[in-house]
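Q: Below is a structure I'd like to ask you about.
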Amino acid sequence: MCRSLHNEEGIISMKNEKKDKVVILGAGLTGLTAAHFLENPSSGGKAIKPFILEKQDIAGGLCRTEEKEGFSFDHTGHLLHFKKKDSIWKKFIEGELRIDLKKHSRAASIHIMNTLVPYPFQYHLAYLPKDEKEKCVRDYLKVYKTGAPAGASFRQWAEHSFGRRMASLFFLPYNQKLWNFNLNKMSTDWMGRFVPGPDAGKILRGAEKKDPSQSAGYNASFYYPRSGGIGQLPAALAKGKNIVFNASIKQIDFTAKKIFFEGGNMAYDRLISTIPLPELLGYLKGAPQNAAAKKLKWTGVYNMNIAVKKNFSKLGHWIYFPHGKIPFYRIGFLSNFSALPDGFSTIYIESSYRSERKKTSGASVMKFFNIKSDEIIVRKDIDIPYAYVIYDMAREKTLAGIQDFLSRCGIISTGRFGGWKYSTMEEAMQDGFDAASSSV
Ligand SMILES: Cc1cc2nc3c(=O)[nH]c(=O)nc-3n(C[C@H](O)[C@H](O)[C@H](O)COP(=O)(O)OP(=O)(O)OC[C@H]3O[C@@H](n4cnc5c(N)ncnc54)[C@H](O)[C@@H]3O)c2cc1C
């Protein structure tokens, strides 16, 4: 079958033999930002208009916003956390993409023992029943001087940083649910700023009295568009770009530097890939790294979204659910940071899976939040087959081997799943910028 593909200007012939060009795989935030800076080089160099090959019929990847019957849903919560107060990416979004951002102070909690404990858990032990709080403090005092050993697994890190009781109430069951992976075999390399560590003063103060203002972590505050969804970011970047939608790649010949489709091929001079590494390696004809690709591990997320005629404004931005018997690990209230008319709420419910996709049952959510079926206006389910990279003990070595091979082939593989890492939208934009800078 011979297929022709379309970009915004019309049909693109796949029999493109021109060599002097950059091709980008994937029109998510990383690929689109790379294209933006190739077309508008910040160093004032020669502008290049790359082709972007995207398998979906729309740009944006994980950062898309889906619309259904007048309601907007992101792919679970997508909030902007900037590393620095004067982040160049905040300026870029507001100044160049012209998106008005609003700052929010995080209001998040953890559902433990039928009560809501403010996040981070370790700084709010006074919200637990008295005997539980005492067990947590007692176990913490056993470990606080020594902490976790170097090279600890995630389980060891949690038990040695916070003590066994805090680990077993939150850190272990929550992470087991999120990662679906043996926590004894998981490293702590992914945590960085994502998981606040132990701070003895805050832990002990938080055990003495309830103080919801004890906050910490990379997302203590966040930004979100004042109106509309997060999909405005990729939508603004995608304008005027040379995107080939519905691209169905069959093979990449990295020696001849050609990408093959049904009915055509496209030559490249430089290739920037932002698609998941296992997919890229699967396309590379005769790549010696195909065995390594099998060692890469990740989770998918099943994201059920609902719009309801009910007010949830008192529940904050999101709630973590560590208990193994509750099927979802987190529920977020999009309408509490992206305004809807009074009396309506939009809710995202997240459950994770590895081999078999797990659909969250609507019944469990409705029961939990006492939502009647006639209060649900819209349901929109989104499957995210690549959601979180698992940092098992072999990841670092496997990834280094793969990236070394790809760079010898002249391929830059970057972004969340191209770089095979736990990273944010801000980092995706930085990755795109870096890839563009090293491709000119
Ligand atoms: C559940 C979840 C919640 C998140 N929450 C936040 C948050 O709150 N804040 C934050 O900053 N970040 C968050 N992130 C991370 C953020 O989404 C990513 O860092 C960012 O969107 C990654 O962009 P990317 O372009 O690297 O990857 P992607 O968005 O995955 O883009 C890759 C693109 O490649 C395309 N593609 C895939 N395979 C092929 C193929 N074979 N051929 C052609 N095209 C292909 C895809 O369709 C996609 O468009 C979250 C991620 C997840 C999964």
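Q: Please work out the FRET efficiency for the pair Lys309 and Arg408, using the Cβ-Cβ distance as r and a Förster radius of 45 Å; give the result to the nearest 0.05.
A: Once the sixth-power term is evaluated, E becomes 0.20.
Q: Right, here's the next one. If only Cα atoms are counted, what is the Rg of segment 101-182, and what is its Dmax, in Å?
A: 14.0, 44
Q: What number do you get for the chain when its Cα radius of gyration is normalised by 2.2 N^0.38 Å, N = residues? Kindly include the intermediate steps, with their values, before the conclusion.
A: Values: Rg = 23.0 Å, N = 440, 2.2 N^0.38 = 22.2 Å.
For the chain, the normalised Cα radius of gyration is 1.04.
Q: Anything over 29 Å Cα to Cα? Flag those among Lys102/Lys297; Lys68/Lys258; Lys91/Lys295; Lys91/Lys314; Lys84/Lys421, in the order listed. Before the final figure, lay out each step's value.
A: Values: Lys102/Lys297 35 Å; Lys68/Lys258 39 Å; Lys91/Lys295 39 Å; Lys91/Lys314 32 Å; Lys84/Lys421 20 Å.
Listed pairs above 29 Å: Lys102/Lys297; Lys68/Lys258; Lys91/Lys295; Lys91/Lys314.
Q: Something else about it: Counting C-alpha atoms alone, how compact is segment 298-389: give Rg to one decimal and Dmax as a whole number, in angstrom.
A: 13.1, 40
Q: I've got another one for you. Taking the Cβ of Thr65 as the center, what net charge do the other residues with Cβ under 12 Å away carry, scoring Lys and Arg +1 and Asp and Glu -1?
A: With Lys, Arg at +1 and Asp, Glu at -1, the neighbours total 0.
Q: A further question follows. What is the distance, in nm, between label points placed 7 Å from the Cα along the Cα-to-Cβ direction at Ser355 and at Asp131?
A: Result: 4.0 nm between the two label points.
Q: Say we join alpha carbon atoms closer than 10 Å with springs in a Gaussian network model of the chain; which of His75, His317, His104 then has the biggest fluctuation?
A: Evaluated over the chain, the most mobile residue of the options is His104.
Q: On to the next question. Taking Cα atoms, how many degrees apart are the long axis of helix 395-408 and the longest axis of the chain, rounded to 10 and kept between 0 and 90?
A: 20
Q: Leaving ligands, DNA and RNA out of it, report the carbon-plus-sulfur percent of the accessible area of the chain at a 1.4 Å probe.
A: 50
Q: Loop only by DSSP, 15 or fewer other Cβ within 10 Å of the Cβ. Give me the trypsin sites (Lys or Arg not before Pro) in segment 144-202 that pass, ordered by residue number. Please list the in-between numbers first.
A: Values: sites: Lys145, Arg155, Arg164, Arg165, Lys177, Lys185, Arg193, Lys202; in loops: Lys145.
Listed in order of number, the matching sites are Lys145.
Q: Between Ala267 and Ala236, 0.36 nm times their residue separation minus their Cα-Cα distance comes to what?
A: 8.4 nm
Q: A further question on this structure: Using Cα springs under 10 Å in a Gaussian network model of the chain, which residue among Ser373, Ser221, Ser187 shows the largest mean-square fluctuation?
A: Per the Cα network of the chain with a 10 Å cutoff, Ser373 tops the list.
Q: Quote to one decimal, in nm, the extra length available between Ala394 and Asn182 on full extension: 0.36 nm per residue of separation minus the C-alpha distance between them.
A: That pair, Ala394 and Asn182, stretches by 75.0 nm at full extension.
Q: Within the chain, what's the longest stretch lacking GluC sites (Glu not before Pro) that sit in DSSP loops with no more than 13 other Cβ atoms inside 10 Å? If you can, show how the numbers build up before the last one.
A: On the way: sites that count: Glu8, Glu9, Glu17, Glu69, Glu262, Glu356.
Of all site-free stretches, the longest is 70-261.
Q: Does anyone have the angle between helix 425-437 and the longest principal axis of the chain? Alpha-carbon axes, 0 to 90°, nearest 10?
A: That helix lies at roughly 30 degrees to the long axis.
Q: Let me ask you something else. With springs only between Cα atoms under 10 Å apart, run a GNM on the chain and tell me which of Ser338, Ser161, Ser42 wobbles the most.
A: The residue that fluctuates most here is Ser42.
Q: Sticking with the crude label model, points 7 Å out along Cα→Cβ, report the distance from Ala220 to Lys85 in nm, one decimal please.
A: Distance between the two pseudo-spin positions: 1.2 nm.
Q: Apply 1/(1 + (r/R0)^6) to the Cβ-Cβ distance of Val378 and Met191, taking R0 = 22 Å, and write down the FRET efficiency to the nearest 0.05. All intermediate terms of the calculation are to be shown ahead of the outcome.
A: Values: r = 36 Å, r/R0 = 1.63.
According to the calculation, E is roughly 0.05.
Q: Give me the log10 of I(q) over I(0) for segment 72-220 at q = 0.09, 0.18 Å⁻¹, as the Debye formula computes it from C-alpha points; what are the numbers?
A: -0.34, -1.12
Q: Further, regarding this structure: On full extension of the chain, what length is gained from Met113 through Asp199, given 0.36 nm per residue of separation minus the C-alpha to C-alpha distance?
A: Length gained between Met113 and Asp199: 28.6 nm.
The values are calculated or read from the model by the stated rules, or taken from the named source; none is laboratory data. Only a predicted model underlies this, so the values are computations on that prediction, with no experimental measurement involved. Quick reminder, even Gly has a Cβ in these numbers, built from the backbone with ideal geometry, and neighbours come from all protein chains shown. Remember, those area values only see protein heavy atoms, side chains included, never the ligands or the DNA or RNA. Shrake-Rupley method; radii C 1.70, N 1.55, O 1.52, S 1.80 Å.
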